[in-house]
1. What number of residues in the range 139-154 are in a loop (DSSP other than H, G, I, E, B) and over 24 Å from Asp310 (Cα atoms)?
2. Just need a number here: residues in the range 262-320 that are among the hydrophobic types (A, V, I, L, M, F, W, C), closer than 26 Å to Ala190 by Cα and buried (at least 16 other Cβ atoms within 10 Å of the Cβ).
3. Is it true that some residue in the range 132-151 is among the acidic types (Asp, Glu) and touching an Asp or Glu at 6+ places or on another chain (Cβ under 6 Å)?
4. Out of (1) closer than 23 Å to Trp331 by Cβ; (2) out of contact with any strand residue (DSSP E or B) (no Cβ under 8 Å at 6 or more places or on another chain); (3) among the hydrophobic types (A, V, I, L, M, F, W, C), what's the single condition that is false for Leu164?
5. Out of the residues in the range 234-251 that are among the small types (Gly, Ala, Ser) and in a strand (DSSP E or B), state the one that is nearest to Ile188 (Cα to Cα).
6. If Ala175 satisfies all but one of (1) outside any strand (DSSP E or B); (2) under 17 Å from the mean Cα position of the chain (by Cα), what's the number of the condition it fails?
7. Just to be sure I understand the filter: pairs with C-beta atoms under 8 Å, separated by 6 or more residues or on different chains, first member in the range 155-171 and part of a helix (DSSP H, G or I), second member basic (Lys, Arg). Which pairs pass?
8. Return the only residue of Leu119, Leu181 being closer than 30 Å to Glu246 by Cβ, assigned by TED's automatic domain parsing to the domain that holds Ser357 and in contact with a helix residue (DSSP H, G or I) (Cβ under 7 Å, 6 or more places away or on another chain).
Amino acid sequence: MKKALQDYRSRVDIVALNPHADIVALTTDLVNIPSVSGNEAALANAIFVELSKCDWLEVHRFKNSVVAKTNLDKASRVIVAGHIDTVPVADNEAAVFVSGGSGLPSDGTVVPDDVVFGLGSCDMKGGVAVALRAAVTIENPQFDVTYIFYECEEVDSERNGLTLIAAEHPEWLAADIAVLLEPSNANIEAGCQGTLRAKVSTVGTRAHSARSWLGDNAIHNLGDILARLNSYVPAKVLIDGLEYREGLNAVQVSGGIAGNVIPDSATVEVNYRYAPSTSGAQAEAHIREVFDGFLVEFVDNAPGAMPGLDRPALADLVSRVGGKVAPKFGWTDVARFSAMGVPAVNLGPGDPGLAHSRNEHVSVAQLKQCEETVFDWLKG
């Protein structure tokens, strides 16, 4: 193993990590290794080297994703996963520890508690730090564990590390349940809603605006579409005791040709957030029904994920947070696991409202809380 590591180090540039440092120091180190989507190699190298030192882990490097597995013949296997990429820099590339009552480097906003500021601190290098420390620390967990540190979550689905792994090594993704360490304020958010975007269009007749009676204004014809959206009553769906609130909203309007032309086409793009119990096909059928009589073109459709809280490993995790579970309203990669028959939840440090922002930061208290929860659960 030592010789293999030496050979590996000779082939790549390695940035040193110390996963045995405390969670705040490790999060800081992770933030300070740049990993904008498509440029995760340095961070993947560093994670691979540290995990390869652990004799109890079977470690794989696949492109810029790293997978580490225990093989202890436990009764069940769980996945603990986190993406290692970030969105582009916004003058926040360096990690800074900010004491409570001090201002953030980005805009001077005063934070009430100690935080780690910097790109990816919230989304989701704080969660990656929790998973990495667990992997190198817990030699005999109560479950077999597959730790996944994957690339390109913030960009097109075709580049997502989980998509790439599923295509080439689906056996690495086999498990009873998965925990994705996405920011969720260190609380459990179960499953996720599906998301669909569609273009709903009207047609008309083009004419000179000086003779508008010769035309039919497609933009004016959008009125009925907007009226249907205004009167739409979104459903509230109860699953495993969790209430998922659906939503159907216009997110973009387009139309028009020139300042003196009556337009013959116009479009409203709508976004439908639907309950995890609804399939992608059912969601599309619902949109066609709502906008019956109009042209409907589906842009994308990603079904949600069922919470799966009845699985023993997830029930155990829920018990360790006092039974506090909330539904996930956004879409996350838990849906990818659900599509493979692996129920999943989100549990990570950080306020999701801070993700991708210039003043991105993660609470030190949440880092420690999440680490304690995950360690307690894995150790049993």
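1. So in the range 139-154, the residues in a loop (DSSP other than H, G, I, E, B) come out as 139-143, 151-154.
From the residues that got through so far, the ones that are over 24 Å from Asp310 (Cα atoms) too are 139-140, 151-154.
Going through the range 139-154 one residue at a time, the tally reaches 6.
2. Looking only at that region, the number is 12.
3. Taking the range 132-151 first, the residues among the acidic types (Asp, Glu) are 139, 144, 151.
Applying the additional criterion that residues be touching an Asp or Glu at 6+ places or on another chain (Cβ under 6 Å) yields 151.
So far as the range 132-151 goes, yes, one or more of its residues are among the acidic types (Asp, Glu) and touching an Asp or Glu at 6+ places or on another chain (Cβ under 6 Å).
4. Only one criterion is unmet by Leu164, namely (2).
5. As a first pass, look at the range 234-251 and keep what is among the small types (Gly, Ala, Ser): 235, 241, 247, 250.
Okay, now just the ones that are also in a strand (DSSP E or B), so 247, 250.
Details: Gly247: 22, Ala250: 30 Å.
Checked the range 234-251; the qualifying residue nearest to Ile188 (Cα to Cα) is Gly247.
6. With (1) outside any strand (DSSP E or B); (2) under 17 Å from the mean Cα position of the chain (by Cα) applied to Ala175, the lone miss is (2).
7. Here the result reads Gly161/Lys63; Leu162/Arg336; Thr163/Arg336; Leu164/Lys63; Ala166/Arg336, each pair linking the range 155-171 to a residue that is basic (Lys, Arg).
8. Details: Leu119 fails: closer than 30 Å to Glu246 by Cβ.
Within the list Leu119, Leu181, the selection yields Leu181.
The values are calculated or read from the model by the stated rules, or taken from the named source; none is laboratory data. Every value quoted in this text rests on a predicted model; they were computed, and no experiment measured them. Don't worry about glycine lacking a Cβ; one is built from the backbone with ideal geometry, like all the others, and counts go over all protein chains shown.
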